[in-house]
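The values are calculated or read from the model by the stated rules, or taken from the named source; none is laboratory data. Because the structure is predicted, anything quoted here is derived from the model rather than measured. Cβ sites come from the backbone with ideal geometry, for glycine too, and all protein chains shown count toward neighbours. For accessibility, only protein heavy atoms count, side chains too; no ligands or nucleic acids. Shrake-Rupley method; radii C 1.70, N 1.55, O 1.52, S 1.80 Å.
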Amino acid sequence: TGKAAVVLPHGVLFRGNAEGEIRKNILKKGYIKGIIGLPANLFYGTGIPACILVLDKENAEHRKGIFMIDASKGFVKDGNKNRLREQDIRKITDVFNAFEEVPKFSRMVPMSEIADAKNDYNLNIPRYIDTQEAEDLQDLGAHLQGGIPVRDIESLSAYWKMFPTLKSDLFAPLRDGYLQLKVTPETIKTNIFNHKEFSAYNEKMAQQYATWLASQQVVWTTLEQGFHVKETMEAMSQTLLEAFTHNELLNEYDLYQHLMQYWADAMQDDFYSISLDGWDAGNEYTRLVIKGKKGKDGKVSADKDIPGLAGIEGRLISPQLLIDIFFAAEKEAIAQQEQLAESAQARITELEEEHSGEEGLFADLEKINASEVTKLLKQKKAEKAAKEELLVLQDYIDQTDLIKKANAEIKKLNEALEKQVLAKYPTLTETEIKDLVLNQKWSAVLLDSLHSEQDKLSQTLSQRIKELAERYTATLGVLEETTQEAETKVKQHLKKMGVIF
């Protein structure tokens, strides 16, 4: 009953001679259970693609085929290498464990096909799984006479199946086999996103997601010290995949990737904190420090606290989240002062740009700052300069004073807010902590992931339609006319220059 999964170069799947004989005999014994083709440039030290050969002696004598997966296209660029995402790994394992046949991805290949004379025990994956995408054909008729080929629009049938009237709202017949847009290319996405059928589909997805999220809320609320983090996480991810498995347009593994990304970024740490110390972890925070460095004299400087709210890190709840929920008025007061400072700085920049020319008020200043402008104002007053010049200089000084006052007030408000935030952490009740973490933190981020996928759907459809519309906008006749106009203009210019007569 021995089992093994071996990472190998693809050559072992098709090389002949002695290797071919070894492969043939292993296949006849039925030891190979499956083959998983991986992306190229995945491993350090080599750029060639690899595969995973899954060997299993259990029930080998009854094995009638080999399950093959071509996962070579599921990856993300990571620096100069490729990397499997969480969704790629999960899709591979789910499909393999279920022996699920997915078009252009996986297939159970009968041993009779592998042993056939045309294959002769060659296991090269492309022989058995066709992953080629349909070629994006150029239509000469559309290039000559305009219009969008019906064939290209019908290739988006998955969308029209869900949004049947959207198609008729976007396109009108032009001639046999060709359509034309009824809206401008710039408004395609807006028309799609606001269409009643697309809105209904989005609402359906939102309800599905809300149902899943509500079920998780029940689980999250009952989390207590000592719960099993990995088991809980596995159950959560599994229920998400199950909730969207039969969705017509949305790929459930895309949503899974969002969940796993947030799990890696924050949720995992939160789960372990709750498992270790319960919800009391929400009352805890730490003051971050800058580690001391060794100076030129060989001495190490002392560690220093990072001042202000930037130096506070909540174990479950960030200071910013506390501020958003409990100290909105204080946050608004700081924002108002920041707006005053930004407006004053914008006015200063405007004055500097307007009066920094060769004949401008600031032309003779080496540096343009409050000190130099104050000196210039005294000088201009002594010279009894024009009132307009004095007003400009005074305006500059007033704006710099306004920035100083605003920054001083911001510092004062931030210090007061910091004290309030630090005082709030220990007083948070378990109910408040759960609300902040479950609703304001976890659920809020996960809902954003759904909105991201909804937007991606409309973006994908609108981009394809816009691409097709723009491809055939300039017909041959239009191009010839444009070329003729340009040629005529060039000849006229050359004639004026005396180059041609």
> Taking all protein chains as present, what is the carbon and sulfur share of the accessible area of the range 272-321, in % to the nearest whole number, probe 1.4 Å?
Replying inline: 55 percent
> Can you give the relative contact order of the chain as a percent, counting alpha carbon pairs under 8 Å and 6+ residues apart?
Replying inline: 13 percent
> Once label points are set 7 Å from the Cα along Cα→Cβ at both Gln484 and Thr46, what is their separation, rounded to one decimal in nm?
Replying inline: 6.2 nm
>> Need one number: nm distance between label points at Asn124 and Asn439, each 7 Å from Cα along Cα→Cβ, rounded to one decimal.
In response: 6.1 nm
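Of the accessible area of the range 1-136, with the probe set at 1.4 angstrom, what percent is carbon plus sulfur? Each step should come with its number before you reach the end.
On the way: 4080 of 7700 Å².
The computed percentage sits at 53.
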> Based solely on its DSSP helices, what 222 nm [θ] is calculated for the chain when runs of n ≥ 4 H residues each add -39,500 (n - 2.57) and the sum is averaged over all residues, nearest 500 deg cm²/dmol?
Replying inline: -17000 deg cm²/dmol
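Pairs Lys3/Lys64; Lys331/Lys411; Lys91/Lys196; Lys77/Lys466; Lys33/Lys64: which exceed 21 Å Cα-Cα?
Beyond 21 Å: Lys91/Lys196; Lys77/Lys466.
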> So between Glu359 and Ser301, what do we pick up on full extension, going 0.36 nm a residue minus the alpha carbon distance?
Replying inline: 15.8 nm
> Between the range 450-478 and the range 167-201, what is the C-alpha centre distance in whole Å?
Replying inline: 11 Å
> Taking the Cα centre of the range 263-353 as origin and charging only Cβ (+1 Lys, Arg; -1 Asp, Glu), how large is the dipole, in debye to the nearest 20?
Replying inline: 700 debye
> Which Cα, out of Asn119, Ala328, Asn41, lies furthest along the positive dipole direction of the chain (beta carbon charges, K/R +1, D/E -1)?
Replying inline: Asn119
>> Charges on Cβ only, +1 for Lys and Arg, -1 for Asp and Glu, centred on the Cα centroid of the chain; of Tyr159, Leu402, His195, which one is farthest towards the dipole's positive end?
In response: Tyr159
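Would you please report the Å³ per residue occupied by the convex hull of the alpha carbon atoms in the chain?
On the way: hull volume 188.0 nm³, N = 501.
Cα convex hull per residue, to the nearest whole number: 375 Å³.
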>> Which log10 I(q)/I(0) values does the range 47-169 give at q = 0.13, 0.16 Å⁻¹ under the Debye formula, counting every alpha carbon as one identical point scatterer?
In response: -0.80, -0.99
> Of all DSSP beta bridges located in the range 34-85, what percent are antiparallel, nearest 5?
Replying inline: 65 percent
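How big is the charge dipole of the chain about its Cα centre, in debye rounded to the nearest 20, if each Lys and Arg gets +1 on its Cβ and each Asp and Glu gets -1 on its Cβ?
Working: 63 positive and 79 negative charges, 308 e Å.
Computed charge dipole of the chain: roughly 1480 debye.
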> Say a paramagnetic label sat at a point 7 Å from the Cα of Arg175, along Cα to Cβ; which residues of the range 457-501 have their backbone N under 20 Å from it?
Replying inline: 468-482
> About the Cα centre of the range 44-180, what is the dipole size in debye to 20, counting +1 per Lys and Arg Cβ and -1 per Asp and Glu Cβ, all else neutral?
Replying inline: 300 debye
>> Give me the one-decimal nm value for the distance between modelled label points at His451 and Gln261, 7 Å along each residue's Cα-to-Cβ direction.
In response: 1.5 nm
>> Using only the alpha-carbon atoms, how far is helix 268-277 inclined from the longest principal axis of the chain? Give it as 0 to 90 degrees, nearest 10.
In response: 80 degrees
